[in-house]
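The next block holds one structure in the form of structure tokens; read it before the comments.
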């Protein structure tokens with residue numbers, strides 16, 4: 001029984017920890033982007049925008065490290081698959097940072113005006129919370145490889161889709177009085193949140209696949 | 001002088017060829033999706049939607065092959081980087097197929113109505129052509145590793161951004177009479193074409209990076 005873990009195992013654990021760190025960065029970003037949007041807060045919007053560079057750098061360093069591990073350790077097939085999957089997860093998480101950054105940019109573009117009509121603030125706040133909650137579950141999925149929780153993210157994403165349809169429905173109802181520019185902004189915002197959640201679910205599916213060898217919900 | 005190329009070199013060439021095939025599939029898809037949209041042609045829309053499954057399968061097989069090559073050949077650092085880059089390129093190309101599929105789904109959703117008001121058909125057709133043209137350059141970039149052509153894709157993408165702004169501008173001008181639902185559809189379509197072109201540029205940048213070791217246009 002090996003009491004001292006191998007260097008390789010420590011490197012793999014380090015990769016998992018970095019993916020957790022990236023998840024937390026993406027979660028913080030979407031939290032703050034939603035706040036910037038709801039409050040039309042330019043300072044927070046600017047912070048989210050500049051924070052995205054940190055996420056990009058963090059991901060770039062992580063990817064370099066993963067490729068270096070593959071080159072040095074020449075891992076067996078299952079470890080290699082895990083490392084390639086880690087590269088894909090880091091790409092998803094980096095993209096989530098981009099999407100939070102896009103939300104913040106819409107808030108900045110319209111400042112000092114508020115992008116959101118008063119009647120949509122609660123709904124968009126709710127969409128932002130669901131996106132953040134999905135993302136906040138990723139660290140546990142990565143750390144525990146909990147398959148039940150991985151599947152829970154799919155359900156949360158159904159909730160996101162429902163809210164997204166509600167958002168579009170509000171705009172296309174005959175009572176919309178806020179004009180086309182506002183509808184264009186909100187359509188894009190809805191798309192950014194939806195894609196943020198999609199990428200979070202994708203991370204969780206990759207963990208599911210690593211653990212079970214099968215795809216969760218292949219028909220989606 | 002080795003007249004017989006190594007098995008490994010043949011495998012690398014095979015990966016390049018598959019990336020070229022995937023590029024052609026994505027190009028065909030966006031071409032047909034644009035036609036489905038412009039003509040409100042349900043049959044073509046359905047074909048693009050079902051063709052996306054073929055692209056997904058092709059990409060899945062390619063990725064499996066690339067990981068198998070890494071596992072068996074244990075390539076040196078530069079070859080390993082090329083293979084990891086191939087994985088990223090295949091992800092970009094698969095996503096381009098998704099985006100063409102999204103365009104086709106909008107055409108199908110509104111059929112038999114035409115999603116596009118008559119005055120936007122030429123502009124959207126132009127946007128579709130630019131997206132396709134960018135994508136059609138990828139095979140040459142991959143096969144010749146031509147750095148000048150890789151940079152040309154960046155310029156084409158600037159044209160895409162200009163047309164995309166024009167599209168949004170047409171909708172938000174005071175003369176827009178086609179309502180909110182149409183504006184939501186067209187905003188999403190514009191986003192799909194823009195992202196299609198972004199991913200095509202991303203493929204070309206990855207080739208640029210492999211050849212030069214530096215990033216093209218890092219400030220973008």
Quiz item: Using a label position 7 Å from Cα in the Cα→Cβ direction, what is the ascending list of nm distances from residue A:121 to the same site in the other copies?
Solution: 4.5
Practice problem: Would you please classify the overall shape of the protein assembly as shown from the alpha carbon gyration tensor, given that a ≥ b ≥ c denote the square roots of the eigenvalues, rounded means a/c under 1.5, and beyond that prolate means a/b larger than b/c while oblate covers the rest? | Solution: oblate
Quiz item: Ranked from highest to lowest mean number of other Cβ atoms within 10 Å per residue, what is the order of the peptides B:20-26, B:123-129?
Solution: B:20-26, B:123-129
Practice problem: Would you mind computing, in nm to one decimal, how far apart the modelled labels at residue B:214 and residue A:50 are, each placed 7 Å from Cα along Cα→Cβ? | Solution: 2.7
Quiz item: Considering only the label points, 7 Å along Cα→Cβ from Cα, what distances in nm to one decimal separate residue B:21 from the same position in each other copy, shortest first?
Solution: 4.0
Practice problem: Could you quote the convex hull projected area for segment A:1-54, Cα atoms only and averaged over all directions, in nm²? | Solution: 4.8
Exercise. Could you check which residue among B:166, B:74, B:35 shows the biggest mean-square fluctuation in a GNM of chain B with a 10 Å Cα cutoff?
Key: B:74
Self-check item: Highest-MSF residue in chain A out of A:36, A:118, A:82 [GNM, Cα springs under 10 Å]
Solution: A:118
Quiz item: Highest GNM mean-square fluctuation, chain B, Cα pairs closer than 10 Å: which of B:27, B:18, B:135?
Solution: B:18
Quiz item: What percent do you get for the relative contact order of segment A:60-188 when only Cα pairs under 8 Å and 6+ apart count?
Solution: 23
Quiz item: For chain A, what are the per-bin percents of Cα-Cα distances with bins 5 Å wide, up to the bin holding the maximum?
Solution: 1, 7, 15, 17, 17, 14, 11, 8, 5, 3, 2, 1, 0, 0, 0
Quiz item: Over the Cα atoms of segment A:117-209, what Rg and Dmax result, in angstrom?
Solution: 15.1, 48
Quiz prompt | Cα Rg over Rh - segment B:11-118, Kirkwood | solution = 1.14
Quiz item: Does a label point 7 Å from the Cα of residue B:154, set along Cα-to-beta-carbon, have any residues of segment B:185-211 with amide nitrogen under 13 Å, and which are they?
Solution: B:201-202, B:204-209
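Computed from the coordinates by the stated procedures, all read-outs in this text should not be read as laboratory data. The shown structure was predicted, so the numbers you read here are calculated from the model rather than taken from an experiment. All Cβ positions, glycine included, derive from the backbone under ideal geometry; neighbour counts span all protein chains shown.
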